[in-house]
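The values are calculated or read from the model by the stated rules, or taken from the named source; none is laboratory data. Since we're looking at a predicted model, the values are computed, not measured. All Cβ positions, even for glycine, are placed from backbone atoms using ideal geometry, and neighbour counts span all protein chains on display.
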Amino acid sequence: MSKDYYKTLGVPENADGDAIKSSYRELVKKYHPDRNPGDNKAEERFKEIGEAYDVLHDPKKRRQYDQLRKYGAYDPRRPNSGGAGGFQGNINMEDLLRGGMGDIFGDLFGGRRGRGRQRVRSQAGQDLNLTVSVDFLTVALGGKVKISVPGDGRCPVCKGSGGQPGTDFDQCPVCEGSGTVSQQQGGFAISRPCSRCLGRGVVPRQPCQRCHGTGRAPGDTAIMVTIPAGISEEKRIRIPGRGEAGEGGAPRGDLYVRVVPKADGTFRREGNNVITEEDIPLTTAVLGGKLTTQTIHGEVSVTVPAGTQSGAKLRLKRKGIANKAAGRTGDHLVILRVSIPRKLTKKQRELFQKLSELD
Ligand SMILES: [Zn+2]
Ligand SMILES: [Zn+2]
(Lines give C-alpha, C1' and ligand atoms only; values in the text may rest on other atoms or scores of the structure.)
(Ligands and ions follow the chains in the order given, each with its own letter.)
Protein backbone atom coordinates (compact mmCIF):
# COMPACT_ATOMS: atom_id res chain seq x y z
CA MET A 1 0.00 0.00 0.00
CA SER A 2 3.02 2.22 0.37
CA LYS A 3 3.00 5.13 -2.02
CA ASP A 4 5.89 5.49 -4.34
CA TYR A 5 6.38 9.15 -5.06
CA TYR A 6 9.00 8.42 -7.66
CA LYS A 7 6.58 6.25 -9.55
CA THR A 8 3.87 8.86 -9.16
CA LEU A 9 6.08 11.41 -10.84
CA GLY A 10 7.49 8.88 -13.31
CA VAL A 11 11.11 9.60 -12.43
CA PRO A 12 13.97 7.34 -11.33
CA GLU A 13 15.08 7.39 -7.71
CA ASN A 14 18.23 9.27 -8.56
CA ALA A 15 16.46 11.94 -10.60
CA ASP A 16 17.75 15.44 -9.99
CA GLY A 17 15.70 18.47 -9.12
CA ASP A 18 15.26 19.59 -12.71
CA ALA A 19 14.03 16.23 -13.87
CA ILE A 20 11.52 16.12 -11.03
CA LYS A 21 10.32 19.61 -11.81
CA SER A 22 9.85 19.05 -15.53
CA SER A 23 8.08 15.74 -15.04
CA TYR A 24 5.83 17.38 -12.47
CA ARG A 25 4.93 20.20 -14.85
CA GLU A 26 3.97 17.83 -17.58
CA LEU A 27 1.85 15.61 -15.34
CA VAL A 28 0.09 18.50 -13.71
CA LYS A 29 -0.90 19.80 -17.10
CA LYS A 30 -2.17 16.40 -18.17
CA TYR A 31 -4.22 15.67 -15.05
CA HIS A 32 -5.42 19.14 -14.23
CA PRO A 33 -9.11 19.06 -13.24
CA ASP A 34 -9.84 21.86 -15.72
CA ARG A 35 -8.79 19.58 -18.50
CA ASN A 36 -10.58 16.54 -17.08
CA PRO A 37 -13.90 17.85 -15.81
CA GLY A 38 -15.85 15.30 -13.81
CA ASP A 39 -13.09 12.72 -13.97
CA ASN A 40 -12.52 11.63 -10.37
CA LYS A 41 -9.58 9.43 -11.22
CA ALA A 42 -7.75 12.28 -12.86
CA GLU A 43 -8.48 14.48 -9.88
CA GLU A 44 -7.15 11.85 -7.49
CA ARG A 45 -4.09 11.49 -9.64
CA PHE A 46 -3.66 15.25 -9.71
CA LYS A 47 -3.63 15.34 -5.92
CA GLU A 48 -1.13 12.52 -5.70
CA ILE A 49 1.17 14.28 -8.09
CA GLY A 50 1.04 17.41 -5.97
CA GLU A 51 1.73 15.42 -2.83
CA ALA A 52 4.66 13.62 -4.42
CA TYR A 53 6.13 16.83 -5.73
CA ASP A 54 5.75 18.53 -2.40
CA VAL A 55 8.05 15.95 -0.88
CA LEU A 56 10.49 15.23 -3.68
CA HIS A 57 11.31 18.79 -4.67
CA ASP A 58 12.28 19.69 -1.10
CA PRO A 59 15.73 18.21 -0.42
CA LYS A 60 15.13 17.84 3.30
CA LYS A 61 11.75 16.13 2.94
CA ARG A 62 13.10 14.01 0.14
CA ARG A 63 15.95 12.79 2.33
CA GLN A 64 13.52 11.82 5.08
CA TYR A 65 11.25 10.14 2.62
CA ASP A 66 14.10 8.17 1.11
CA GLN A 67 15.17 7.04 4.53
CA LEU A 68 11.73 5.93 5.55
CA ARG A 69 11.31 4.17 2.29
CA LYS A 70 14.59 2.35 2.58
CA TYR A 71 13.73 1.03 5.99
CA GLY A 72 10.32 -0.06 4.89
CA ALA A 73 8.77 1.95 7.65
CA TYR A 74 6.67 4.16 5.55
CA ASP A 75 2.91 4.22 5.76
CA PRO A 76 1.60 7.15 3.78
CA ARG A 77 -1.80 7.82 5.18
CA ARG A 78 -2.95 6.59 8.47
CA PRO A 79 -6.65 7.40 8.24
CA ASN A 80 -7.30 9.10 11.56
CA SER A 81 -4.07 10.61 12.62
CA GLY A 82 -5.57 13.85 13.83
CA GLY A 83 -6.76 13.15 17.34
CA ALA A 84 -4.26 10.56 18.39
CA GLY A 85 -1.24 12.71 19.01
CA GLY A 86 2.24 11.47 19.46
CA PHE A 87 4.23 8.86 17.78
CA GLN A 88 2.14 5.91 16.69
CA GLY A 89 4.67 3.63 15.18
CA ASN A 90 4.29 4.78 11.66
CA ILE A 91 4.78 7.99 9.84
CA ASN A 92 1.96 9.99 8.48
CA MET A 93 2.51 11.95 5.34
CA GLU A 94 0.69 14.98 6.63
CA ASP A 95 3.01 15.03 9.61
CA LEU A 96 5.97 14.76 7.36
CA LEU A 97 4.75 17.60 5.19
CA ARG A 98 3.99 19.74 8.16
CA GLY A 99 7.12 19.49 10.16
CA GLY A 100 9.33 16.57 9.42
CA MET A 101 10.29 13.67 11.59
CA GLY A 102 11.81 15.76 14.34
CA ASP A 103 8.46 17.25 15.17
CA ILE A 104 6.65 13.97 15.10
CA PHE A 105 8.98 12.47 17.62
CA GLY A 106 9.33 15.76 19.44
CA ASP A 107 5.61 15.80 20.32
CA LEU A 108 6.12 12.76 22.41
CA PHE A 109 8.62 14.29 24.72
CA GLY A 110 7.05 17.61 25.50
CA GLY A 111 7.57 18.18 29.21
CA ARG A 112 9.40 14.95 29.69
CA ARG A 113 13.00 15.91 29.55
CA GLY A 114 13.86 16.83 33.08
CA ARG A 115 17.19 16.32 34.82
CA GLY A 116 19.00 14.72 31.98
CA ARG A 117 17.03 11.58 32.49
CA GLN A 118 16.23 9.81 29.29
CA ARG A 119 13.08 7.89 29.06
CA VAL A 120 10.69 6.84 26.42
CA ARG A 121 7.06 6.73 27.21
CA SER A 122 5.50 3.49 26.21
CA GLN A 123 2.90 4.73 23.80
CA ALA A 124 -0.28 2.82 24.52
CA GLY A 125 -2.98 3.06 21.87
CA GLN A 126 -5.84 5.50 22.13
CA ASP A 127 -9.28 4.49 23.32
CA LEU A 128 -11.93 4.52 20.66
CA ASN A 129 -15.54 5.51 21.06
CA LEU A 130 -18.15 4.28 18.64
CA THR A 131 -21.88 4.68 18.46
CA VAL A 132 -23.74 2.02 16.56
CA SER A 133 -27.32 2.00 15.44
CA VAL A 134 -28.94 -1.38 16.04
CA ASP A 135 -32.44 -2.58 15.30
CA PHE A 136 -34.94 -2.51 18.13
CA LEU A 137 -35.33 -6.26 18.56
CA THR A 138 -31.59 -6.89 18.84
CA VAL A 139 -31.33 -4.26 21.54
CA ALA A 140 -34.41 -5.58 23.35
CA LEU A 141 -33.51 -9.25 23.20
CA GLY A 142 -29.72 -8.96 23.10
CA GLY A 143 -27.59 -10.38 20.34
CA LYS A 144 -24.47 -9.93 18.33
CA VAL A 145 -23.69 -7.24 15.82
CA LYS A 146 -20.77 -6.89 13.50
CA ILE A 147 -19.12 -3.52 13.62
CA SER A 148 -16.33 -1.90 11.72
CA VAL A 149 -13.57 -0.50 13.84
CA PRO A 150 -11.88 2.38 12.11
CA GLY A 151 -8.23 3.16 12.38
CA ASP A 152 -5.46 0.70 12.37
CA GLY A 153 -5.52 -2.73 13.72
CA ARG A 154 -2.48 -4.81 14.05
CA CYS A 155 -1.22 -6.14 10.77
CA PRO A 156 -2.90 -9.55 10.37
CA VAL A 157 0.13 -11.08 8.67
CA CYS A 158 2.91 -10.27 11.14
CA LYS A 159 0.60 -9.69 14.15
CA GLY A 160 2.25 -6.35 14.69
CA SER A 161 5.85 -7.50 14.83
CA GLY A 162 6.74 -5.93 11.50
CA GLY A 163 8.53 -9.08 10.36
CA GLN A 164 7.53 -11.53 7.68
CA PRO A 165 6.19 -14.64 9.47
CA GLY A 166 9.04 -16.97 10.39
CA THR A 167 11.75 -14.38 9.90
CA ASP A 168 14.47 -13.79 12.47
CA PHE A 169 15.00 -10.50 14.23
CA ASP A 170 18.35 -8.85 14.83
CA GLN A 171 19.27 -6.21 17.29
CA CYS A 172 18.71 -2.82 15.73
CA PRO A 173 22.06 -1.50 14.46
CA VAL A 174 21.05 2.14 14.89
CA CYS A 175 19.96 2.16 18.53
CA GLU A 176 21.73 -1.03 19.52
CA GLY A 177 18.58 -2.52 20.86
CA SER A 178 17.51 0.27 23.19
CA GLY A 179 14.73 1.45 20.89
CA THR A 180 15.80 5.05 21.36
CA VAL A 181 18.41 7.36 19.99
CA SER A 182 19.86 10.37 21.79
CA GLN A 183 20.51 13.71 20.30
CA GLN A 184 22.20 16.76 21.72
CA GLN A 185 20.00 19.76 21.48
CA GLY A 186 20.81 23.02 23.22
CA GLY A 187 22.84 21.27 25.89
CA PHE A 188 20.20 18.64 26.59
CA ALA A 189 20.28 15.05 25.60
CA ILE A 190 16.95 14.25 24.04
CA SER A 191 16.04 10.69 23.37
CA ARG A 192 13.69 9.76 20.63
CA PRO A 193 12.22 6.51 19.42
CA CYS A 194 14.56 4.97 16.94
CA SER A 195 13.24 5.52 13.43
CA ARG A 196 14.98 2.46 12.10
CA CYS A 197 13.28 -0.07 14.40
CA LEU A 198 10.30 2.14 15.39
CA GLY A 199 11.27 1.80 19.03
CA ARG A 200 11.17 -1.98 19.02
CA GLY A 201 14.93 -2.43 19.46
CA VAL A 202 14.96 -5.22 16.91
CA VAL A 203 14.62 -5.30 13.19
CA PRO A 204 13.28 -8.18 11.12
CA ARG A 205 15.58 -9.69 8.56
CA GLN A 206 12.61 -9.70 6.22
CA PRO A 207 10.09 -6.92 6.81
CA CYS A 208 6.47 -7.98 6.58
CA GLN A 209 5.31 -7.52 3.02
CA ARG A 210 1.78 -6.63 3.93
CA CYS A 211 2.55 -3.72 6.26
CA HIS A 212 6.07 -2.87 5.07
CA GLY A 213 7.41 -3.42 8.54
CA THR A 214 5.16 -1.01 10.40
CA GLY A 215 3.25 -3.80 12.11
CA ARG A 216 0.02 -2.01 11.44
CA ALA A 217 -2.70 -2.42 8.90
CA PRO A 218 -4.65 0.58 7.67
CA GLY A 219 -8.34 0.29 7.07
CA ASP A 220 -11.24 -1.14 9.01
CA THR A 221 -11.47 -4.36 10.89
CA ALA A 222 -14.76 -6.08 11.53
CA ILE A 223 -15.46 -7.37 15.01
CA MET A 224 -18.49 -8.99 16.62
CA VAL A 225 -19.92 -7.19 19.61
CA THR A 226 -22.26 -8.89 22.06
CA ILE A 227 -25.14 -6.64 23.03
CA PRO A 228 -26.70 -7.42 26.39
CA ALA A 229 -30.50 -7.47 26.31
CA GLY A 230 -32.01 -4.09 27.06
CA ILE A 231 -28.78 -2.09 27.16
CA SER A 232 -29.55 1.58 27.64
CA GLU A 233 -28.26 4.39 25.49
CA GLU A 234 -26.31 5.78 28.42
CA LYS A 235 -24.28 2.61 28.88
CA ARG A 236 -21.17 1.82 26.93
CA ILE A 237 -19.90 -1.63 26.16
CA ARG A 238 -16.21 -1.79 26.90
CA ILE A 239 -14.13 -4.06 24.74
CA PRO A 240 -10.63 -4.18 26.18
CA GLY A 241 -7.73 -4.05 23.80
CA ARG A 242 -9.81 -3.20 20.74
CA GLY A 243 -8.91 0.46 20.52
CA GLU A 244 -6.07 1.80 18.47
CA ALA A 245 -2.87 -0.15 18.22
CA GLY A 246 -0.07 0.77 20.55
CA GLU A 247 3.41 1.52 19.36
CA GLY A 248 6.12 -1.08 19.40
CA GLY A 249 4.19 -3.72 21.30
CA ALA A 250 2.59 -1.31 23.78
CA PRO A 251 -0.96 -2.31 24.69
CA ARG A 252 -3.85 -1.25 22.54
CA GLY A 253 -6.45 1.14 23.79
CA ASP A 254 -9.97 0.04 24.62
CA LEU A 255 -13.05 0.27 22.49
CA TYR A 256 -16.25 1.73 23.89
CA VAL A 257 -19.46 1.06 22.04
CA ARG A 258 -22.67 2.92 22.63
CA VAL A 259 -25.81 1.32 21.26
CA VAL A 260 -28.65 3.40 19.90
CA PRO A 261 -31.77 1.49 18.85
CA LYS A 262 -33.33 2.26 15.49
CA ALA A 263 -36.88 3.53 15.52
CA ASP A 264 -39.32 0.66 15.16
CA GLY A 265 -42.72 0.75 13.48
CA THR A 266 -44.29 -1.61 16.02
CA PHE A 267 -42.54 -1.32 19.35
CA ARG A 268 -41.52 1.45 21.62
CA ARG A 269 -39.71 1.23 24.88
CA GLU A 270 -40.20 2.69 28.32
CA GLY A 271 -37.53 1.45 30.67
CA ASN A 272 -37.78 -2.31 30.40
CA ASN A 273 -41.39 -2.26 29.32
CA VAL A 274 -42.29 -2.58 25.68
CA ILE A 275 -45.35 -0.83 24.34
CA THR A 276 -47.54 -1.46 21.32
CA GLU A 277 -50.82 0.09 20.29
CA GLU A 278 -53.79 -1.79 18.87
CA ASP A 279 -57.02 -0.58 17.32
CA ILE A 280 -60.11 -2.49 18.45
CA PRO A 281 -63.61 -2.34 17.00
CA LEU A 282 -66.25 -0.56 19.05
CA THR A 283 -68.14 -3.81 19.56
CA THR A 284 -65.08 -5.52 21.03
CA ALA A 285 -64.59 -2.57 23.37
CA VAL A 286 -68.19 -2.75 24.49
CA LEU A 287 -68.74 -6.49 24.60
CA GLY A 288 -65.18 -7.71 25.18
CA GLY A 289 -63.29 -10.16 22.99
CA LYS A 290 -59.93 -11.47 21.87
CA LEU A 291 -57.09 -9.86 20.07
CA THR A 292 -53.68 -10.94 18.83
CA THR A 293 -50.76 -8.65 19.50
CA GLN A 294 -47.07 -8.72 18.67
CA THR A 295 -44.57 -8.80 21.52
CA ILE A 296 -40.79 -8.97 21.27
CA HIS A 297 -41.10 -12.64 22.23
CA GLY A 298 -43.66 -13.38 19.50
CA GLU A 299 -47.43 -13.18 19.00
CA VAL A 300 -49.67 -13.33 22.01
CA SER A 301 -53.44 -13.63 22.23
CA VAL A 302 -55.01 -11.31 24.77
CA THR A 303 -58.47 -10.89 26.21
CA VAL A 304 -60.11 -7.50 25.96
CA PRO A 305 -62.54 -7.08 28.82
CA ALA A 306 -66.05 -5.82 28.19
CA GLY A 307 -66.39 -2.08 28.67
CA THR A 308 -62.82 -1.21 27.63
CA GLN A 309 -62.21 2.51 27.24
CA SER A 310 -60.05 3.99 24.50
CA GLY A 311 -56.53 4.44 25.85
CA ALA A 312 -56.85 1.54 28.29
CA LYS A 313 -53.70 -0.49 28.87
CA LEU A 314 -53.44 -4.25 28.98
CA ARG A 315 -50.44 -5.52 30.87
CA LEU A 316 -48.73 -8.74 29.78
CA LYS A 317 -46.46 -9.65 32.66
CA ARG A 318 -42.83 -10.41 31.92
CA LYS A 319 -43.24 -10.11 28.16
CA GLY A 320 -40.94 -7.11 28.03
CA ILE A 321 -37.18 -6.74 28.13
CA ALA A 322 -35.17 -9.16 30.26
CA ASN A 323 -32.56 -6.71 31.44
CA LYS A 324 -30.06 -8.54 33.62
CA ALA A 325 -28.55 -5.28 34.83
CA ALA A 326 -31.96 -4.15 36.08
CA GLY A 327 -32.54 -7.54 37.70
CA ARG A 328 -36.04 -8.03 36.40
CA THR A 329 -37.96 -8.59 33.23
CA GLY A 330 -40.22 -5.82 32.06
CA ASP A 331 -43.82 -6.14 30.94
CA HIS A 332 -45.50 -5.67 27.61
CA LEU A 333 -48.20 -3.03 27.56
CA VAL A 334 -50.87 -2.91 24.87
CA ILE A 335 -52.56 0.44 24.55
CA LEU A 336 -56.04 -0.01 23.09
CA ARG A 337 -57.59 2.51 20.77
CA VAL A 338 -61.28 2.11 20.12
CA SER A 339 -62.24 2.73 16.49
CA ILE A 340 -65.48 4.58 16.14
CA PRO A 341 -67.01 3.66 12.79
CA ARG A 342 -67.04 6.59 10.38
CA LYS A 343 -69.69 5.19 8.07
CA LEU A 344 -72.64 3.02 8.99
CA THR A 345 -74.75 0.72 6.86
CA LYS A 346 -78.50 1.22 6.96
CA LYS A 347 -78.89 -1.74 9.26
CA GLN A 348 -76.18 -0.52 11.63
CA ARG A 349 -77.76 2.92 11.79
CA GLU A 350 -81.10 1.37 12.77
CA LEU A 351 -79.44 -0.64 15.51
CA PHE A 352 -77.58 2.34 16.91
CA GLN A 353 -80.80 4.31 16.88
CA LYS A 354 -82.51 1.56 18.84
CA LEU A 355 -79.59 1.63 21.28
CA SER A 356 -79.93 5.34 21.81
CA GLU A 357 -83.68 5.00 22.40
CA LEU A 358 -82.85 2.47 25.13
CA ASP A 359 -80.56 4.99 26.79
ZN1 LIG B 1 2.81 -6.91 8.88
ZN1 LIG C 1 16.54 1.02 16.67
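Give the residues of segment 320-352 that are loosely packed, with under 10 Cβ neighbours inside 10 Å and either among the basic types (Lys, Arg) or more than 21 Å from THR276 (Cβ to Cβ) (or both), sorted by residue number. Even if it seems obvious, please write down each step before you answer.
Taking segment 320-352 as the starting set, the residues that turn out to be loosely packed, with under 10 Cβ neighbours inside 10 Å are 327, 340, 342-343, 345-347.
The answer is GLY327, ARG342, LYS343, THR345, LYS346, LYS347.
Residue check, ASP34 against (1) part of a loop (DSSP other than H, G, I, E, B); (2) modelled with pLDDT under 85; (3) under 29 Å from ARG210 (Cβ atoms), all met but one. Which one?
Evaluating ASP34 over (1) part of a loop (DSSP other than H, G, I, E, B); (2) modelled with pLDDT under 85; (3) under 29 Å from ARG210 (Cβ atoms) leaves (3) as the failure.
Filter segment 193-238 down to residues that are part of a strand (DSSP E or B) and touching a Cys at 6+ places or on another chain (Cβ under 9 Å) and give me whichever is surrounded by the fewest Cβ atoms within 10 Å (Cβ to Cβ).
In the first step, residues of segment 193-238 are kept if they are part of a strand (DSSP E or B); the result is 193, 202-204, 207, 216-217, 221-227, 236-238.
Going one step further and asking which of them are touching a Cys at 6+ places or on another chain (Cβ under 9 Å), we end up with 193, 202-204, 207, 216-217.
On the way: PRO193: 24, VAL202: 17, VAL203: 24, PRO204: 21, PRO207: 21, ARG216: 26, ALA217: 21.
Among them, the one singled out is VAL202.
Matching residues to (1) part of a strand (DSSP E or B); (2) under 30 Å from LEU130 (Cβ atoms); (3) more than 14 Å from ligand 1 (Cβ to nearest atom):
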{"residue": "PRO156", "(1), (2), (3)": "no, yes, no"}
{"residue": "GLY160", "(1), (2), (3)": "no, yes, no"}
{"residue": "ASP170", "(1), (2), (3)": "yes, no, yes"}
{"residue": "GLY177", "(1), (2), (3)": "no, no, yes"}
{"residue": "SER182", "(1), (2), (3)": "yes, no, yes"}
{"residue": "SER191", "(1), (2), (3)": "yes, no, yes"}
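Got a sec? Which of GLY253, GLY289, GLY241 is in the same structural domain as MET224 (by TED's automatic domain parsing) and surrounded by fewer than 17 Cβ atoms within 10 Å (Cβ to Cβ)? Break it down stepwise before answering.
Details: GLY253 fails: surrounded by fewer than 17 Cβ atoms within 10 Å (Cβ to Cβ); GLY289 fails: in the same structural domain as MET224 (by TED's automatic domain parsing).
Result: GLY241 is the single residue among GLY253, GLY289, GLY241 that is in the same structural domain as MET224 (by TED's automatic domain parsing) and surrounded by fewer than 17 Cβ atoms within 10 Å (Cβ to Cβ).
Yes/no per residue for (1) within 37 Å of the chain's Cα centre (by Cα); (2) surrounded by fewer than 16 Cβ atoms within 10 Å (Cβ to Cβ); (3) touching a residue at least 60 places away in the same chain (Cβ under 8 Å); (4) under 26 Å from GLY213 (Cα atoms):
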| position | (1), (2), (3), (4) |
| --- | --- |
| ASP16 | no, yes, no, no |
| SER22 | no, yes, no, no |
| ARG25 | no, yes, no, no |
| LYS41 | yes, yes, no, no |
| GLU51 | yes, no, no, yes |
| VAL55 | yes, no, no, yes |
| ASP58 | yes, yes, no, yes |
| TYR65 | yes, no, yes, yes |
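For segment 159-178, check the following and say yes or no: at least one residue is aliphatic (A, V, I, L, M) and modelled with pLDDT of 90 or more.
Yes: one or more hits.
Identify all residues within segment 198-224 that are aliphatic (A, V, I, L, M) and within 11 Å of ligand 1 (Cβ to nearest atom); write none if there are none. Can you show your working first?
So in segment 198-224, the residues aliphatic (A, V, I, L, M) come out as 198, 202-203, 217, 222-224.
The answer is ALA217, and nothing else.
Which one of these is touching a residue at least 40 places away in the same chain (Cβ under 8 Å), more than 15 Å from ligand 1 (Cβ to nearest atom) and at positive phi: GLY230, GLY253? Working first, answer last.
Details: GLY253 fails: at positive phi.
Every option except GLY230 fails the conditions.
Does any residue of segment 64-82 turn out to be outside any helix (DSSP H, G or I) and modelled with pLDDT of 80 or more?
Taking segment 64-82 first, the residues outside any helix (DSSP H, G or I) are 71-82.
Filter once more, keeping what is modelled with pLDDT of 80 or more: none.
There is no residue in segment 64-82 that is outside any helix (DSSP H, G or I) and modelled with pLDDT of 80 or more.
So ILE321 ticks every box in (1) at pLDDT below 95; (2) touching a helix residue (DSSP H, G or I) at 6+ places or on another chain (Cβ under 7 Å); (3) within 20 Å of PHE136 (Cβ to Cβ) but one. Which box is left unticked?
(1)
Scanning segment 126-170 for residues that are in contact with a strand residue (DSSP E or B) (Cβ under 8 Å, 6 or more places away or on another chain) and basic (Lys, Arg), which turns out farthest from ligand 2 (Cβ to nearest atom)?
LYS144
So, VAL132, is that one in the same structural domain as VAL202 (by TED's automatic domain parsing) and within 30 Å of ALA263 (Cα to Cα) or not? Break it down into steps so the answer makes sense when it comes.
Numbers: in the same structural domain as VAL202 (by TED's automatic domain parsing): yes; within 30 Å of ALA263 (Cα to Cα): yes.
Answer is yes for this residue.
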